[in-house]
Each structure stands twice: as structure tokens, then as C-alpha cells.
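Q: Can you read through this structure? Questions will come right after.
The values are calculated or read from the model by the stated rules, or taken from the named source; none is laboratory data. Owing to the predicted nature of the structure, the values given are computational and were not obtained by experimental measurement. Here the Cβ positions follow ideal geometry from the backbone for every residue, glycine too, while neighbour counts run over all protein chains shown.
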Amino acid sequence: MKIILTNSIKGLGEKDDVITVKNGYARNFLIPKGKAKVATSSNMRMLEEDLKQREFKMDKLRKDAEAIAAKINGHEVTIKTKAGASGKIFGSITSVQVAQALKDSGFEVDRRRIAFDDIKNIGEYTAELNLFKGISSEITIKVEVE
């Protein structure tokens, strides 16, 4: 039986793959569990349309990420925080603080896309922004005493 996978299944295929499996496996396990649907002509047309729309959306996201990466590369953000006399800050700088500093500078970046080592002292640090698959940019984080 020819089916369209609705979920990725290890050893069988990825989501939206059209594969052929035994009738009993499809009817008794995959289709009732919602892991697949029968590859009828209408389901195949829906799959083609979904893939086309997904490709269009991914292309738009890629172009937006490239534009942001070109603008933000080498940008410097300043974060003011409380610190002791030795230059050691109380706590540490988080990705939420960096995302807020970027937002204040006019760049909207999700905090989960910001990667950097622990910042526990006053100084300059480098952070990598993973904006999209294969598209990343670096910024400088300047930590100053409040």
C-alpha cells in the first residue's frame, strides 16, 4: 500500500515521504496511530501544495535572515550590570539580556538563537547569532558597570 508519512519514523522514512509498505502494517498500525495517511490522488495534491507553501515560507525566512545577518554582523551592544570592585559581576549575563539589548538597538532576534560562553566579568565578549540554517552572524557584547 502506498502511504504518505505524517511523522518521521526511524527506519521507515521522514515526514511527507511517499513510501510503499505492507497493507496490514499501514491499516493496523500507521494509519490508526496517525503516523500516515493513504496516498490517494487528493492527498497527493494536498502534499504537493503543502510542500510548495513550505518552500515559499522557508525561502522568505532565509532571505530575511540573510538581510538581518548583513546588517547585524559586527554590531556592538552594551549591557550595564552591577559588579564588585574586582570586576566580577553579580550573577551572569543571559541571552535574554542580550536579546533585549539587540531589541533596543532595533534588531529583533530570538533569545534561543544567541550563543555565547558564560559572562561573569566586566569586559568585551563575542556572541554568535544563529539566524537560520547555515546563516550566522557575530556581535560584540560589551559589559559595563552600572
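Q: Please determine, by comparing only the residues of segment 89-109 that are loosely packed, with under 12 Cβ neighbours inside 10 Å and of a type outside the set (Gly, Ala, Ser), which one is farthest from residue 137 (Cα to Cα).
A: 90
Q: I'd like the full set of residues that are charged (D, E, K, R), touching a helix residue (DSSP H, G or I) at 6+ places or on another chain (Cβ under 9 Å) and in contact (Cβ under 8 Å) with a residue 12 or more places away in the chain, limited to segment 85-127.
A: Hits for segment 85-127 are 111, 112, 113.
Q: Restricting to segment 75-100, count the residues that are more than 20 Å from the chain's Cα centre (by Cα) and not in a loop (DSSP other than H, G, I, E, B).
A: 9
Q: Could you please let me know if residue 126 is over 30 Å from residue 17 (Cβ atoms) and either surrounded by 11 or more Cβ atoms within 10 Å (Cβ to Cβ) or under 18 Å from the mean Cα position of the chain (by Cα) (or both)?
A: The answer is no for residue 126.
Q: Checking the conditions here, which among 62, 54 is among the basic types (Lys, Arg) and either touching a helix residue (DSSP H, G or I) at 6+ places or on another chain (Cβ under 7 Å) or more than 17 Å from residue 136 (Cβ to Cβ) (or both)?
A: The conditions single out 54.
Q: Still on this model: Among the candidates 47, 102, which residue alone is assigned by TED's automatic domain parsing to the domain that holds residue 17 and touching an Asp or Glu at 6+ places or on another chain (Cβ under 8 Å)?
A: When all the criteria are applied, what remains is 47.
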